[in-house]
Structure formats: C-alpha cells, structure tokens
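Right, one structure below, let's go through it.
The values are calculated or read from the model by the stated rules, or taken from the named source; none is laboratory data. Just so it is clear, the structure is predicted and the values come from calculations on it, not from any experiment. Note: ideal-geometry Cβ built from the backbone for every residue, glycine included; neighbour counts use all protein chains shown. Just so you know, the surface numbers come from the protein's heavy atoms only, side chains and all, with ligands and any DNA or RNA stripped out. Shrake-Rupley method; radii C 1.70, N 1.55, O 1.52, S 1.80 Å.
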Amino acid sequence: MADFTLHVGTRIWSSWSLRPFMALAATGADFKTILTPLRSATSKAAITAFSPSGLVPVLVDQRPAEPVTIWDSLAICEYLAESFPDLWPRDAAARAIARAVSAEMHSGFRAMRMAMPMDLFAARPGEGLDAEGVATDIQRIDAIFADCRSRFGAAGPYLFGRFSIADAMFAPVASRFRTYGPTLSDPASAYVATLLADPGFKAWEEAALKEM
C-alpha cells in the first residue's frame, strides 16, 4: 500500500489539485493518485464521499494506524512539510517569505483566476488580459517572481533556489501564463519556463493527456 493517497480533480482544470501533486512528487514519497472527474452531474456527490469540504484535493496519509485525511491545497503541503521539511527553505527569512507568497497565492489574485482559468493544453493568447484587475494581479505576480529569484534564488532555478512549496503554489499560474500569454519580465519568464519543465509538472501533463 502506498504511504499517501491524493484525490484530485480533472487535471486540465484542477489548479488546486496540481499544487499538492507537485509537492508530493518532489518528496519522492510513495503515493497514488485517484481522479474524480469535475464538471459532471455526479461530481459533487462523488467528491463528498471522501472530502469533508466537498472539494478536491484531499490527501490521505496511510502511514498512521488510523489514516489522516487533510483537505485544502496549502494545508496538504504544510502537512507534508512536517515529514519532508525540505519542502520549505532552510533559512528562516527565506522560509518566512516563502510562506507569505504561498499564502498570498492561496487567498489572492481573484481577478486573474476568474478571467484566466487553468486549461492545461489550451492556447488563448490575449484572452482575459484586459479584464478588470487582471493587469494588477499579473504585475504583482511578476514582481514576486523577480524579487524571490533575485533575493533567494542563487542556489537553483526555483523561487528560493531549490524546489519548495512556494513553487508548487505558483505552478498553476505558470500554466495560465502559457495559455494566455501575458507580457512578463525576463526573470519571470525564465521562472515560468522552469516550472513548466519541472518533473512533477511534466508528470501531471502526461497523466492529463491520458484523461482526454
């Protein structure tokens, strides 16, 4: 039996599910993924059968005698970091900033989310970019990428050098930017390319192709 079970939604759309998948993939842990298709008449009932919130993702830790169920993408990532502390930067200041930008992504950027929904393999350059608030959201995300890379990224190509939960949280944004093609700074563009080439992201894409 795998140590973890991760319940996810349809991979081309489920940005929230992508995040803990990438975090789990980065740990090297033994886990299995169970898909529940979204946007069908039976989706809600099927998800409610295993999810206290009625939403995906949901992680089940099979290691304890009584399995532990965690919902919400950031809560799942934080739970994983208890067993895999390298999911956060080791330096205290970098770790605090990584948590701050992860929380900002988790709770913010509603304008961009609504106007530019994740659609993994779509190409819609320019669509949604002129919606109210989107330009401000993109500018802030670009600034986060450039600032973190400049201040903390010397040890590697990710926001804080090595892969962290912060990168998992922004992976769906990289997918959105590929789909809708906003203009980004050079540091942000390079970082987006890093996320799109990440092994966890590539594994997600490979699995998504099998759903189509």
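Each of M169, F4, F50 was placed along the dipole of the chain (beta-carbon charges, centred on the mean Cα), and the one lying farthest toward the positive end is F50. Measuring nothing but how far apart in sequence close Cα pairs (under 8 Å, 6+ apart) lie, relative to its length, the chain scores a relative contact order of 24 percent. Rounded to the nearest 20, the size of the Cβ-charge dipole of the chain about its Cα centre is 160 debye, with Lys and Arg at +1 and Asp and Glu at -1. When Rg and the Kirkwood radius Rh are both evaluated on Cα atoms of region 83-181, their ratio Rg/Rh stands at 1.00.
Full extension of the chain between Q139 and A207 yields a length gain of 21.3 nm, computed as 0.36 nm times the residue separation minus the alpha carbon distance. Its Kirkwood hydrodynamic radius, worked out from the mean inverse distance over all distinct Cα pairs, puts region 12-51 at 11.7 Å.
The smallest convex shape that holds all Cα atoms of region 26-138, its convex hull, gives 157 Å³ per residue.
Only DSSP H runs of four or more residues enter the estimate; each adds -39500 (n - 2.57), and after division by the residues of the chain the mean residue ellipticity at 222 nm equals -16500 deg cm²/dmol. Which whole-number percent gives the relative contact order of region 136-194, counting Cα pairs below 8 Å spaced six or more residues apart? Across region 136-194, relative contact order equals 36 percent.
The slack between D119 and A49, meaning 0.36 nm per residue of separation minus the straight C-alpha distance, is 22.6 nm.
Here the chain was treated as a single set of alpha-carbon atoms; its pair distances binned every 5 Å from 0 give 1, 7, 15, 19, 20, 17, 12, 6, 2, 0, 0 percent.
Over the residues of region 150-199, compute the C-alpha Rg and express it relative to 2.2 N^0.38 Å. Mind dumping the intermediate values first?
On the way: Rg = 10.4 Å, N = 50, 2.2 N^0.38 = 9.7 Å.
Rounded to two decimals, the normalised Rg is 1.07.
When +1 charges are put on Lys and Arg Cβ atoms and -1 charges on Asp and Glu Cβ atoms, the dipole computed for region 11-66 relative to its Cα centre reaches about 260 debye. Region 51-104 gives an Rg/Rh value of 1.04, both radii derived from C-alpha positions and Rh following Kirkwood.
Neighbours of D137, meaning other residues whose beta-carbon lies under 9 angstrom from its beta-carbon, give a summed charge of +3 when Lys and Arg score +1 and Asp and Glu score -1. The simple spin-label model puts a point 7 Å past each Cα toward its Cβ; for H106 and A190 those points are separated by 3.0 nm. For region 128-212, the residue among A190, Y158, A208 whose Cα projects farthest onto the positive side of the dipole built from Cβ charges is Y158. Here K202 is the anchor, and the aspartates and glutamates within straight C-alpha reach of less than 16 Å, apart from those fewer than 8 places off in the same chain, are D119, D167, E211. The portion of the accessible surface of region 115-188 made up by carbon and sulfur, rounded to a whole percent, is 50 (1.4 Å probe; DNA, RNA and ligands excluded).
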